[in-house]
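*Asks:* There's a structure below that I have some questions on.
The values are calculated or read from the model by the stated rules, or taken from the named source; none is laboratory data. All figures in this text were calculated on a predicted structure; none of them were measured in a lab. FYI the Cβ positions are ideal-geometry reconstructions off the backbone, even for glycines, and counts take in every protein chain you see. We work out accessible area using only protein heavy atoms, side chains counted, and drop any ligands, DNA or RNA first. Shrake-Rupley method; radii C 1.70, N 1.55, O 1.52, S 1.80 Å.
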Amino acid sequence: MLAIEDFTSALESLELGDKPAIAHASLRSFGKIQGGAETVLNALLASVGGLIMPTFTYKTMIIPEVGPPNNGLAYGMQRDLNRMAESFCHEMPVDPLIGTLSEVLRHFPGAMRTAHPILSFAGINVNDALTIQTIYNPFAPIGWLADQDGWVLLLGVDHTVNTSIHYAEKLAGRHQFVRWAFAKNRIVECHGFPGCSDGFEDIRPDVEQFSRLVEVGDSFIEAIPLRPLLLAVETRIKNDPLAMLCQRDDCERCDAVRVIAT
Ligand SMILES: [Zn+2]
C-alpha cells in the first residue's frame, strides 16, 4: 500500500521548484493508497506553489435546435437529454470522467472554484489564476500558470486528458466551438469550447525532451513545464493544421477542424 511519503519523495525528485501546477489524475492506476485521494492531494500541495484542477460539469449542457455552422455538433438531436440537463451551481459535483481527485480538491479547506457552467476549475493558492477565467476565455487560468513557469502534472494519465493542450490550440488559431449550458435558470452561450483531445498523445515525441517522469507504485507521475509545452503544440499546429486530430470516423469536432483547416 502506498503512503504519503511515496508521493512526496516522487514529487520531490521531479524538482518542481515551488511553481504552481495543473494536475490530472487517475488514482486507480496507482494501486492501493493509504488515505486515498486526500493523501495524494496533501503530497501535491506540499510539492507545488499552488494547485489547480479541472472540475468540469458536462451535465449542464444543452444542444439547441439550430446554431452556428462547423460547430462539431448535430443540432436538435438531444431533445430528451436536454430535459435532463441540470442547472450549474457552485456545489455541483465534478463530472465522473474527470476523476475523484478534483472532486476532493474542490471540498478541500481553502479551495476556490470558478463559476463557468461547463469548464470550471478549482484550486488552492491560485486565486489570481482562477479569477481571470471568463465565458469567452475558459482556459485563461492556464495562461496564468504558464506565465508563472508552472507545470502540468499527469498522475497515471496521458496527454489525452491534458487540458493545457486545448489552450495551446487556441493560441495556435485552431477553430474553437460554441456550446450552451443551463445556469441560473437561463441558457448561457459558452465560447472557446475546445475540440477533441483523443489525438493528443501525438505530441509526446515533441515534449519528451523536457518532460520528467517518476514511477510510483503501479503507475507514474509525469511533469511537463507549461511554457515549452504550449510552444511545442503551437509549432506543431502551425506546421500541420491537422496535427493531433483523432482518427475516429464519427468525431464531429475533429471533422469540423478538418473542414475549416483545409
Ligand atoms: Zn476527435
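*Asks:* Among (1) open to solvent by 20 Å² or more (accessible area, probe 1.4 Å); (2) under 28 Å from Pro64 (Cα atoms); (3) more than 16 Å from the ligand (Cβ to nearest atom), there is one condition Asp149 misses while meeting the rest; what is its number?
*Replies:* (2)
*Asks:* Residue check: is Asp80 at pLDDT 95 or above and within 16 Å of Phe182 (Cβ to Cβ)?
*Replies:* Answer is no for this residue.
*Asks:* Can you work out which of the residues in the range 185-219 that are within 29 Å of Val40 (Cα to Cα), hydrophobic (A, V, I, L, M, F, W, C) and surrounded by 17 or more Cβ atoms within 10 Å (Cβ to Cβ) is farthest from the ligand (Cβ to nearest atom)?
*Replies:* At the first step, the residues of the range 185-219 found to be within 29 Å of Val40 (Cα to Cα) are 194, 196-219.
Going one step further and asking which of them are hydrophobic (A, V, I, L, M, F, W, C), we end up with 196, 200, 203, 207, 210, 213-214, 216.
Still in the running and surrounded by 17 or more Cβ atoms within 10 Å (Cβ to Cβ): 196, 200, 203, 207, 216.
Details: Cys196: 3, Phe200: 10, Ile203: 14, Val207: 20, Val216: 30 Å.
Per the criteria, the residue is Val216.
*Asks:* From the set of residues in the range 250-262 that are within 10 Å of the ligand (Cβ to nearest atom) and in a loop (DSSP other than H, G, I, E, B), which is least open to solvent (accessible area, probe 1.4 Å)?
*Replies:* Looking at residues that are within 10 Å of the ligand (Cβ to nearest atom) and in a loop (DSSP other than H, G, I, E, B), I get Cys251.
*Asks:* Also, quick follow-up: Yes or no: Asp198 closer than 22 Å to Ala146 by Cα and either without any contact (Cβ under 8 Å) to a residue 60 or more places away in the chain or touching a Lys or Arg at 6+ places or on another chain (Cβ under 6 Å) (or both)?
*Replies:* no
*Asks:* Would you pick out the residues in the range 73-122 that are surrounded by 13 or more Cβ atoms within 10 Å (Cβ to Cβ), more than 19 Å from Ile63 (Cα to Cα) and charged (D, E, K, R)?
*Replies:* Glu103, Arg106, Arg113
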